[in-house]
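Colleague: I have a structure here, written as structure tokens, and I will follow up with some questions on it.
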Amino acid sequence: MYPRFLGSNYPLSKHLFFSTRYSFSLLGLRFEKKPTMWTTAWLIFNFVNLAHCCQAEFSFGWFYITSSPVDAMDAFCPLACSLTNLFKMGCMWRHRTEVSLLIARIRQLTEQQSGQQKDKLKRGYYRMATLLSMLIFTLGTINTAAFVLRSLWEMWMRRHGPFNYDMPFRMHFPAIAHRLPLYPLAYLYSIWSGQVTVYSFVATDGFFFSFTLYVTFLLKALQMDLKCVLKSVQNPSERDSENCCQQLHGIIDRHNDIVGIVQRFSVIMAAPTFAQFLSGSLVIATAVIDILLFSGYNIIRYVVYAGTVSSCLLLYCYGGTEMSMASLELGESAYTSSWYQWDRQVRQRVYLFIMRAQRPIIVDVPFFVPSLPAFTAVIKFTGSIVALAKTIL
């Protein structure tokens with residue numbers, strides 16, 4: 001048995017923002033359903049749980065920063081990721097109404113595009129968005145499991161000596177939480193904070209990645225329609241030209257609608273995306289430093305940790321690049337069509353459309369644009385931090 005969304009016949013309507021809807025539903029945040037008292041209470045508990053565990057990690061790291069820098073780094077690395085996802089979780093809750101409207105609008109626009117070629121293209125983008133987002137979900141869960149197994153193994157190795165009831169993450173809890181009978185509950189409480197972090201970043205990052213791929217599909221569908229409208233016609237009549245102008249007017253309206261949707265999306269995701277890239281570069285650098293400081297099995301979990309965060313940033317950049325390239329290809333599609341065979345009115349509209357399409361559609365984030373060159377810059381910045389840390393340590 002395997003998850004149903006892996007099947008090729010999984011309904012497209014359920015693929016739409018699957019990772020976002022599924023991950024946030026585990027946290028109690030549902031965009032397309034009215035919240036109940038229980039879902040609201042569960043959402044508040046998860047937010048408080050993550051905030052409290054962030055405070056516990058900071059307290060642990062600050063306590064050991066002078067006496068044991070290795071243990072302090074072991075706490076600060078997950079802390080940076082947890083704080084970022086706490087912020088992203090708050091941003092998504094704040095903009096929950098706008099997110100619901102965007103999901104509904106994307107659903108409406110994509111359902112309007114039908115046809116054998118478009119349906120095949122749509123399924124490809126939908127499946128890619130779901131599978132890659134859920135791959136990050138799996139990597140994040142494996143990362144949490146690695147921290148849990150580390151703590152269980154360390155306690156097992158100390159079973160014949162002075163025993164300490166450790167947490168899976170480096171956290172400072174009250175002393176009573178490290179003793180029976182409350183220790184199992186505190187241990188599960190700490191584990192759950194790791195999963196809340198996973199659900200939060202998969203939901204938010206999956207929302208960004210899925211949105212960019214869905215917009216890419218809409219732009220590709222627009223290219224198909226544009227080529228169909230500007231097909232080669234010998235000596236078009238006045239009526240043919242009028243029909244062509246009307247169809248071009250519809251294509252231009254759809255293009256303007258897509259631009260407006262991306263602008264609304266940028267308002268919602270600008271701050272979370274900036275926070276993700278800033279913290280992601282620091283987390284990757286911290287994880288690499290921990291890999292250099294640790295030895296043995298401890299290296300494995302930080303390799304997984306760095307790989308998970310790097311994969312998240314790569315999804316942001318890949319989605320942003322796909323969307324901007326598809327928007328630029330619109331102008332190329334119009335230019336390579338048979339526009340020169342039409343009359344003056346049609347040619348004027350094509351000229352204006354080509355000029356408009358020369359401006360790529362991007363997610364407006366402060367200081368940078370999510371793209372593959374930006375991912376390269378993040379990796380270089382991370383390498384600089386690691387090099388600086390090596391000279392100090």
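Colleague: Note down the magnitude of the dipole of the chain about its Cα centre, charges +1 on Lys and Arg C-beta and -1 on Asp and Glu C-beta and zero elsewhere, to the nearest 20 debye.
Modeller: My answer is approximately 580 debye.
Colleague: Once you have the Kirkwood Rh of segment 99-248 from its Cα pairs, apply Stokes-Einstein at 10 °C and 1.306 mPa s and quote D in µm²/s.
Modeller: For the chosen part, D equals 78 µm²/s.
Colleague: Moving on. With point charges of +1 on the Cβ of Lys and Arg and -1 on the Cβ of Asp and Glu, referenced to the Cα centre of segment 101-178, which listed residue (Pro174, Gln116, Leu152) lies farthest in the positive direction of the dipole?
Modeller: Checking the options against the dipole of segment 101-178, the answer is Gln116.
Colleague: If you don't mind, another one. Efficiency by 1/(1 + (r/R0)^6): what FRET value for Val259 and Trp62, r their Cβ-Cβ distance, R0 = 35 Å, to the nearest 0.05?
Modeller: Computed FRET efficiency for Val259 and Trp62 comes out at 0.15.
Colleague: Which of the aspartates and glutamates could be linked to Lys118 by a straight reach, that is with a Cα gap under 15 Å, when you skip same-chain ones fewer than 8 residues away?
Modeller: Once the sequence-local aspartates and glutamates are set aside, what remains near Lys118 is Asp225.
Colleague: Give the carbon-plus-sulfur fraction of the accessible surface of the chain in %, rounded to a whole number; probe 1.4 Å, heavy atoms of protein chains only.
Modeller: Taking all protein chains in place, the chain shows 64 percent carbon and sulfur surface.
Colleague: Follow-up. Of Thr376, Thr144, Thr97, which has the most accessible area and how do the rest follow, probe 1.4 Å?
Modeller: My answer, sorted largest first, is Thr97, Thr376, Thr144.
Colleague: Find the centroid of the Cα atoms in segment 82-128 and in segment 142-161, then give the distance between the two in whole Å.
Modeller: Going from one Cα centre to the other spans 39 Å.
Colleague: Heavy-atom accessible area per residue, the chain, 1.4 Å probe: how many Å²?
Modeller: Here the residues of the chain average 49 Å² of exposed surface.
Colleague: Just to make sure I understand: if all protein chains stay in place, what is the order of Thr336, Thr40 by accessible area at 1.4 Å, largest first?
Modeller: Thr336, Thr40
Colleague: Another question, if that's okay. Just subtract the alpha-carbon distance of Trp38 and Trp156 from 0.36 nm times their residue separation and send over the number in nm, one decimal.
Modeller: Going from the current span to full extension adds 38.7 nm.
Colleague: Further question on the same structure: Greater than 32 Å separation of Cα atoms is the criterion. Which listed pairs, Lys88/Lys122; Lys88/Lys220; Lys122/Lys380; Lys34/Lys220; Lys34/Lys88, meet it?
Modeller: Lys122/Lys380; Lys34/Lys220
Colleague: With every protein chain left in place, what is the accessible area of Met323 in Å² (1.4 Å probe, nearest 10)?
Modeller: My reading of the accessible area for Met323 is about 0 Å².
Colleague: Once Lys and Arg get +1 and Asp and Glu get -1 on their Cβ, which of Ala56, Gly140, Leu185 lies farthest toward the positive end of the dipole of segment 54-201?
Modeller: Gly140
Colleague: What are the principal axis extents of the Cα atoms in the chain, in Å, biggest first?
Modeller: Its Cα atoms span 93, 51, 37 Å along the three principal axes.
Colleague: For the chain, what does the helix formula give at 222 nm: sum of -39500 (n - 2.57) over DSSP H segments with n ≥ 4, over the residue count, nearest 500 deg cm²/dmol?
Modeller: Value at 222 nm, helices only: -27500 deg cm²/dmol.
Colleague: Give me the distance between the Cα centres of segment 180-197 and segment 336-368, rounded to whole Å.
Modeller: 55
Colleague: With just the Cα atoms of segment 280-369, tell me how far they stretch along each of the three principal axes, in Å, largest first.
Modeller: Per principal axis, max minus min of the Cα coordinates gives 73, 24, 12 Å.
Colleague: Quick one: how many Å² of Thr197 are accessible to a 1.4 Å probe, rounded to 10?
Modeller: 10
Colleague: Another question, then. Please give the contour-minus-distance gain from Leu135 to Leu26: 0.36 nm per residue of separation, less the Cα-Cα distance, rounded to one decimal in nm.
Modeller: 37.5 nm
Colleague: While we're on this one: Rolling a 1.4 angstrom probe over the protein chains, ignoring ligands and nucleic acids, what is the accessible area of Phe137 in square angstrom, nearest 10?
Modeller: 30
Colleague: Could you give the length gained on full extension between Thr97 and Asn164, defined as 0.36 nm per residue of separation minus the Cα-Cα distance, in nm?
Modeller: In short, 19.5 nm is gained.
Colleague: Sorting Lys34, Lys88 by accessible area (1.4 Å probe), largest first, what list results?
Modeller: So the residues, ranked largest to smallest area, are Lys34, Lys88.
The values are calculated or read from the model by the stated rules, or taken from the named source; none is laboratory data. Note that this is a predicted model, so its numbers are computed, not measured. Cβ: placed from backbone, ideal geometry, glycine included. Neighbour counts: every protein chain shown. Just so you know, the surface numbers come from the protein's heavy atoms only, side chains and all, with ligands and any DNA or RNA stripped out. Shrake-Rupley method; radii C 1.70, N 1.55, O 1.52, S 1.80 Å.
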